[in-house]
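Structure first, then comments.
The values are calculated or read from the model by the stated rules, or taken from the named source; none is laboratory data. This structure is a prediction, so every number in the text was calculated from the model and none was measured. Every residue, glycine among them, receives a Cβ derived from its backbone with ideal geometry; neighbour counts consider all protein chains shown. For accessibility, only protein heavy atoms count, side chains too; no ligands or nucleic acids. Shrake-Rupley method; radii C 1.70, N 1.55, O 1.52, S 1.80 Å.
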Amino acid sequence: MEHEEIVEIQDKPLFVCQTVIDVNAQMEASKAAMGKTNLISNLVMYGMCLIMAAYMVMDSIQNDHWKQNALMLGLIALVAVFVFFSRNNAPKKAMARWEEAIIKKYGTNSLHLTTEFYEMSLAQSLREDEEQFVCDGYSSIKELKETENLFLLRHSQNQYYFIDKKGFTTGTADQFRSFIQKHIGGK
């Protein structure tokens with residue numbers, strides 16, 4: 001009898017969203033979370049290689065040190081090529097490791113989340129692990145990032161709630177955007 005009363009009193013969610021997190025969603029979220037940081041670090045690395053190479057070429061021209069600087073110019077070129085390939089392949093390797101870990105832990109290559117948004121809080125559950133249930137207030141949400149397919153709600157330094165824009169079963173993505181912008185940080 002008590003259980004029936006509690007169910008009747010409980011608020012209905014304003015928004016319900018089904019989200020599938022796979023390698024593609026994880027890659028999209030990672031790019032959004034990194035923002036311009038990755039681009040800036042790449043430019044710094046390439047700039048340093050260019051400055052070193054320019055210095056070596058100038059020294060070679062001015063002081064006729066081509067033989068002495070040839071090894072260093074070759075090493076700088078190798079470092080630049082290594083940086084280029086490692087920075088382009090690192091995200092792919094990270095996603096492959098993420099997928100392996102998910103398969104090892106859950107036996108599937110994608111996770112299925114259900115997120116319910118209430119007036120004062122949200123609740124998120126993971127289909128692959130019924131033990132994992134998160135209930136949090138909007139004051140924990142620090143920022144909203146938006147990608148082509150996802151809303152990313154940052155709730156700690158590097159942790160996000162993933163919300164699929166096409167996964168709403170209650171409410172729409174546009175309605176949700178307006179709602180969450182008003183509630184970020186517990187407003």
| query | Scanning for something of a type in the set (K, R), more than 12 Å from I21 (Cα to Cα) and open to solvent by 40 Å² or more (accessible area, probe 1.4 Å), does region 159-170 turn up at least one residue? | reply | yes
| Being in contact (Cβ under 8 Å) with a residue 40 or more places away in the chain, under 30 Å from F15 (Cβ atoms) and out of contact with any Cys (no Cβ under 9 Å at 6 or more places or on another chain), is that true of even one residue in region 72-95? | yes
| Subset of region 21-46 (residues that are more than 26 Å from A77 (Cβ to Cβ), open to solvent by less than 70 Å² (accessible area, probe 1.4 Å) and not hydroxyl-bearing (S, T, Y)) | I21, D22, V23, A25, Q26, M27, E28, A29, A32, A33, G35
| Restricting region 126-158 to residues that are charged (D, E, K, R) and either assigned to a loop (DSSP other than H, G, I, E, B) or modelled with pLDDT of 95 or more (or both), which is least open to solvent (accessible area, probe 1.4 Å)? | E128
| request: Report the residue count in region 60-88 for those that are closer than 18 Å to T37 by Cα and surrounded by 11 or more Cβ atoms within 10 Å (Cβ to Cβ). | output: 4
| How many of the residues making up region 93-127 are among the basic types (K, R) and in contact with a strand residue (DSSP E or B) (Cβ under 6 Å, 6 or more places away or on another chain)? | 1
| task | Could you check K31 against (1) at pLDDT 85 or above; (2) under 30 Å from C135 (Cα atoms); (3) in a helix (DSSP H, G or I) and say which number it fails? | result | (1)
| message | open to solvent by less than 30 Å² (accessible area, probe 1.4 Å), modelled with pLDDT of 85 or more and among the aromatic types (F, W, Y): is that true of Y106 in this structure? | response | no
